[in-house]
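Q: The following block contains the structure, expressed as structure tokens.
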Amino acid sequence: EWRPASIDRVGERARRSMDGAKEDGDGNDGNDVVTRIQSEVANLSSMYYNFTGGLQEMAPPVSVRGEIVKVESDTSVEYNAQELAKQIVDAHVKIDRLLDGLQVPQVEEEEQLRSLGELREQHEGMRAAYGEDVRRGARVLDALQDCYSVLAGYQLERGKFSSPDS
């Protein structure tokens, strides 16, 4: 059965990338679950993008000016569309399995509030340090501009910027 080579390459690449983690979601190849979910969503996005291009390549021609376009009966487009749809559904199922396996830590409300308070304090400290850095940078910039102003005044007095004709 005939299939465009480009669809075979796209489908094979997608299958290889989707086979990176085990189907049951238990195989941890060094990545945490969130990273694996991000990877699978990126793969799914790539599949949508590439499969859309593949389907456009396989689609029969369409008339722009209204003339009749003769199209031979070709069932490969429908077959390939069904195959691509199956691969996309499989990718969604895999992502759903990973999401189902994602464990959200149960933290007491007091612990969450304490953690938020610590983060707020850390944020305020960083904000103050950043503000001081900005103020220090502004003072340095002002000093540099003053120096350039003095230098420019000196050079203007000496005729450094006058035209050669004057």
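The values are calculated or read from the model by the stated rules, or taken from the named source; none is laboratory data. Being a predicted model, the structure only gives us computed values, none of them experimental. Cβ atoms come from the backbone with ideal geometry, glycine included; neighbour counts cover every protein chain shown. When the accessible area is computed, the model is the full protein with side chains, heavy atoms only, and any ligands, DNA or RNA have been set aside. Shrake-Rupley method; radii C 1.70, N 1.55, O 1.52, S 1.80 Å.
Q: List the number of the failed condition for I95; all other conditions in (1) assigned to a helix (DSSP H, G or I); (2) over 30 Å from S46 (Cβ atoms) hold.
A: (2)
Q: Another question, then. State whether one or more residues within the range 15-30 are of a type outside the set (A, V, I, L, M), open to solvent by less than 100 Å² (accessible area, probe 1.4 Å) and at pLDDT 75 or above.
A: Among the residues of the range 15-30, not one is of a type outside the set (A, V, I, L, M), open to solvent by less than 100 Å² (accessible area, probe 1.4 Å) and at pLDDT 75 or above, which makes the answer no.
Q: I'd like to verify a number: residues in the range 113-123 that are aliphatic (A, V, I, L, M) and either open to solvent by 100 Å² or more (accessible area, probe 1.4 Å) or closer than 24 Å to Q38 by Cα (or both), how many?
A: Looking only at the range 113-123, we keep the residues that are aliphatic (A, V, I, L, M), and these are 113, 116, 119.
Of the ones still in play, those that are also either open to solvent by 100 Å² or more (accessible area, probe 1.4 Å) or closer than 24 Å to Q38 by Cα (or both) are 113, 116.
Counting residues in the range 113-123 that are aliphatic (A, V, I, L, M) and either open to solvent by 100 Å² or more (accessible area, probe 1.4 Å) or closer than 24 Å to Q38 by Cα (or both) gives 2.
Q: Does the range 103-112 contain any residue that is under 30 Å from M47 (Cα atoms) and exposed (fewer than 10 other Cβ atoms within 10 Å of the Cβ)?
A: yes
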